[in-house]
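Enquirer: Handing you this structure, nothing more for now.
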Amino acid sequence: MSKDSGSSLKKIKSIAPSAQSQELLEFLPQAKASLAVQGFELSIHEQAISPAELPFFASPLTVRQKDLLDAISEYDSSIIWALRGGYGAAQLVRQCMDIYPQTPKTIIGFSDITALHVLFNQHYVLPSIHGPNLSTCYSRGLDFSIFFPILSGEETTYAVRPFNQAATNCEPIKAPIFGGNLTVLTTLIGTKLHPLTGGKILLLEDVHEKGYQLHR
């Protein structure tokens, strides 16, 4: 690995493609300081949280769209970390279909960020991390350290505890993991990002869903 590519691994671009959250502006200095201690530089567009056409968006559509396109195409960062989920990321993916990252990129987030996971996993054929958004780390007091080995490019493994007897008794399974939020995945059905789940382990993040909702 060259010196330049090694330094780019330390740069994190945060985006707000979905819902707004004013308290994030207070949290960002704390997040930047926590990450800086470990050698990670966190940056965010100055208008990422700004008045939008509708009150449930982080910023106007044009700002959210350009910020995502810039995060994907820029050279100086390899990690994209979503501020929060909510609603809005699926609006942005169509404009991203004709561009490709110039350097390897990894995106972190969950919930509404599922649309971007599918873009990265299925269209760009790049890995992603289905994990807490930055706002989740703030609201739940989560420790950033769980991400440091992954963000540094170290090989990392995690033990998964079986949730029921069927999982305990099943044969070992080895396959790519794909999925995210059930609602977002269903909105992508029939689009250019129609979820392709064959030969993969389907991960659904939703909890407390009724059986008929999953069946639907």
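The values are calculated or read from the model by the stated rules, or taken from the named source; none is laboratory data. Since this is a predicted model, take the numbers as computed values, not measurements. Please note: Cβ atoms are built from the backbone with ideal geometry, for glycine as well, and neighbour counts cover all protein chains shown. Each accessible area value is taken on the protein alone, full model and side chains, heavy atoms only, with ligands, DNA and RNA left out. Shrake-Rupley method; radii C 1.70, N 1.55, O 1.52, S 1.80 Å.
Enquirer: Just checking, how many residues over region 123-170 are part of a loop (DSSP other than H, G, I, E, B), surrounded by 11 or more Cβ atoms within 10 Å (Cβ to Cβ) and polar (S, T, N, Q)?
Expert: 4
Enquirer: Out of all the residues in region 17-74, which are touching a Ser or Thr at 6+ places or on another chain (Cβ under 9 Å), closer than 20 Å to Gly88 by Cα, in a helix (DSSP H, G or I) and open to solvent by 50 Å² or more (accessible area, probe 1.4 Å)?
Expert: Glu23 - this is the single residue of region 17-74 that is touching a Ser or Thr at 6+ places or on another chain (Cβ under 9 Å), closer than 20 Å to Gly88 by Cα, in a helix (DSSP H, G or I) and open to solvent by 50 Å² or more (accessible area, probe 1.4 Å).
Enquirer: So Gln122 ticks every box in (1) modelled with pLDDT of 95 or more; (2) closer than 19 Å to Ile12 by Cβ; (3) of a type outside the set (Val, Ile, Thr) but one. Which box is left unticked?
Expert: Of (1) modelled with pLDDT of 95 or more; (2) closer than 19 Å to Ile12 by Cβ; (3) of a type outside the set (Val, Ile, Thr), only one is false for Gln122: (2).
Enquirer: Here's a follow-up. List every residue pair whose Cβ atoms sit under 8 Å apart, with the two residues 6 or more apart in sequence or on different chains, where the first one lies in region 30-54 and is free of Cβ contacts under 8 Å to residues at least 40 places away in the same chain and within 15 Å of Arg84 (Cα to Cα) and the second, anywhere, is part of a loop (DSSP other than H, G, I, E, B) and open to solvent by 50 Å² or more (accessible area, probe 1.4 Å).
Expert: As it stands, the answer is Ile49/Gln20; Ile49/Gln22, since those pairs meet every condition given.
Enquirer: Then there is this: Limited to region 118-162, what total is found for residues that are closer than 21 Å to Leu24 by Cα and polar (S, T, N, Q)?
Expert: 5
Enquirer: Listed residues Ile173, Ile201, Ile177; which is open to solvent by 90 Å² or more (accessible area, probe 1.4 Å), in contact (Cβ under 8 Å) with a residue 12 or more places away in the chain and under 20 Å from Ser111 (Cα atoms)?
Expert: Checking each option against the conditions leaves just Ile177.
Enquirer: A further question follows. State all residues of region 93-126 that are in contact with an Asp or Glu (Cβ under 9 Å, 6 or more places away or on another chain) and within 24 Å of Glu53 (Cβ to Cβ); if no residue qualifies, say none.
Expert: The answer is Ser111, Thr114.
Enquirer: What number of residues within region 140-168 are charged (D, E, K, R) and either touching a residue at least 60 places away in the same chain (Cβ under 8 Å) or farther than 30 Å from Glu41 by Cα (or both)?
Expert: 1
Enquirer: Mind listing just one residue for me: the one in region 77-117 that is hydroxyl-bearing (Ser, Thr, Tyr) and assigned to a helix (DSSP H, G or I) and, of those, least open to solvent (accessible area, probe 1.4 Å)?
Expert: So, considering only residues that are hydroxyl-bearing (Ser, Thr, Tyr) and assigned to a helix (DSSP H, G or I), the one least open to solvent (accessible area, probe 1.4 Å) is Thr114.
Enquirer: Still on this model: Condition first: farther than 23 Å from Thr156 by Cβ, modelled with pLDDT under 95, within 12 Å of the chain's Cα centre (by Cα) and not charged (D, E, K, R). Now tell me which residues in region 79-119 satisfy that.
Expert: Leu83, Gly85, listed by residue number.
Enquirer: Is it the case that some residue within region 206-214 is at positive phi, modelled with pLDDT under 95 and either assigned to a helix (DSSP H, G or I) or exposed (fewer than 10 other Cβ atoms within 10 Å of the Cβ) (or both)?
Expert: yes
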